[in-house]
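This report concerns only the one structure given below.
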Amino acid sequence: MKKTKIISKILYALTRSLAWIYLVIGLYGIFAWITKTNIKTAGTTTIINYPFTDVSFLILDNNLSYFLFAFLIPVLSYTLFFWLLSNVFSVFYQNKLFTQPNIKHLKRFYLANIILPMVLVAFSSFFIEIEKGIFIIIALHLVLGIFIFIISEIFNQGLSLQNEQDLYI
């Protein structure tokens, strides 16, 4: 169990860091788009540069629907994904695994992975063309969500058994 705690702490730190990185990228993209800071426009392309440089950072189509539905929603969605995933990893280094808060972390993660990708792609399809490869990503999130759902059910059973055992003692 000690190895599991070490690995889960490392993965927690990594995924929480990725969540913050995605959030910063999303916020910087919003800031640059709204204020037109560090932006070059060339025809149908908008290039957002790294802060205080002329080096390209984000290369986007020059229209609002592309910015919102092909850049902002995916970046903020993956911010949420990595944040919730870090919460899942935090479950495995707790002293007590089978608790209601831990089950809630698992539930939030599997619901987000089962529902959000399909809903966001369906909604975005009204505004932009959806690439064919995105459906593979949706399928991967669906499988991941189902897997965590199964783990969540195991945790529910473990919590029930733990509560029964506490009654006998």
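Every read-out reported here was derived from the displayed coordinates using simple, explicitly stated rules and does not represent laboratory data. Source: prediction; values computed, not measured. Cβ coordinates were reconstructed from backbone atoms using ideal geometry, including for glycine residues, and neighbour counts include every protein chain displayed.
Counting only Cα, what are the radius of gyration and maximum Cα-Cα distance Dmax of the chain, in Å?
For the chain, the Cα radius of gyration and maximum Cα-Cα distance read 20.2, 73 Å.
What residues qualify as long-range amide H neighbours of Thr46, i.e. H under 5 Å apart, gap of 5 or more or another chain, H built at 1.01 Å from N?
Hits under the 5 Å cutoff: Leu60, Asp61, Asn62.
Compute the relative contact order of segment 32-169 as a whole-number percentage, counting only Cα pairs closer than 8 Å that sit 6 or more residues apart in sequence. Could you put the intermediate results ahead of the total?
Values: 120 pairs, mean separation 25.8, N = 138.
So the answer I get is 19 percent.
Full extension from Asn156 to Thr99: what is 0.36 nm times the residue separation minus their Cα-Cα distance, to one decimal in nm?
Working it through step by step, the gained length comes to 19.7 nm.
How large is the helix-only mean residue ellipticity at 222 nm for the chain, computed as the sum of -39500 (n - 2.57) over DSSP H runs with n ≥ 4, divided by its residue count, in deg cm²/dmol to the nearest 500? It would help to have the intermediate numbers written out before the result.
Details: 4 runs with 113 residues, N = 169.
Helix-only estimate at 222 nm: -24000 deg cm²/dmol.
First select every other residue whose beta carbon is under 12 angstrom from the beta carbon of Tyr110; then total the charges, Lys and Arg +1, Asp and Glu -1. Don't skip to the end; give the middle numbers.
Values: positive: Lys104, Lys107, Arg108; negative: Glu153.
Around Tyr110, the surrounding residues sum to +2.
What are the ³J(HN,Hα) couplings of segment 79-91, residue after residue, when phi is run through the Karplus curve with 6.51, -1.76, 1.60 and θ = phi - 60°? Round to Hz, x for glycine and proline.
4, 4, 4, 5, 5, 5, 5, 5, 5, 5, 5, 5, 4
Per residue of segment 47-60, in order, report the coupling 6.51 cos²θ - 1.76 cosθ + 1.60 (Karplus, θ = phi - 60°) as ³J(HN,Hα) in whole Hz, putting x for Gly and Pro.
For segment 47-60, the Karplus-derived couplings read 10, 9, 8, 4, x, 6, 9, 10, 8, 4, 10, 10, 10, 10 Hz, x marking Gly and Pro.
What is the distance in Å between the Cα centroid of segment 9-41 and that of segment 62-117?
With segment 9-41 and segment 62-117 each reduced to a Cα centre, they are spaced 16 Å.
Through the Karplus equation 6.51 cos²θ - 1.76 cosθ + 1.60, θ set to phi - 60°, convert the phi angles of segment 149-160 into ³J(HN,Hα) values in whole Hz; use x for Gly and Pro.
Values, residue by residue: 4, 4, 4, 4, 5, 4, 5, 4, 5, x, 5, 4 Hz.
Stretched out fully, how many nm does the piece from Ala42 to Glu164 gain, at 0.36 nm a residue minus the Cα gap? Walk me through the numbers on the way to the answer.
Details: separation 122, 0.36 × 122 = 43.92 nm, distance 6.67 nm.
This chain segment gains 37.3 nm when fully extended.
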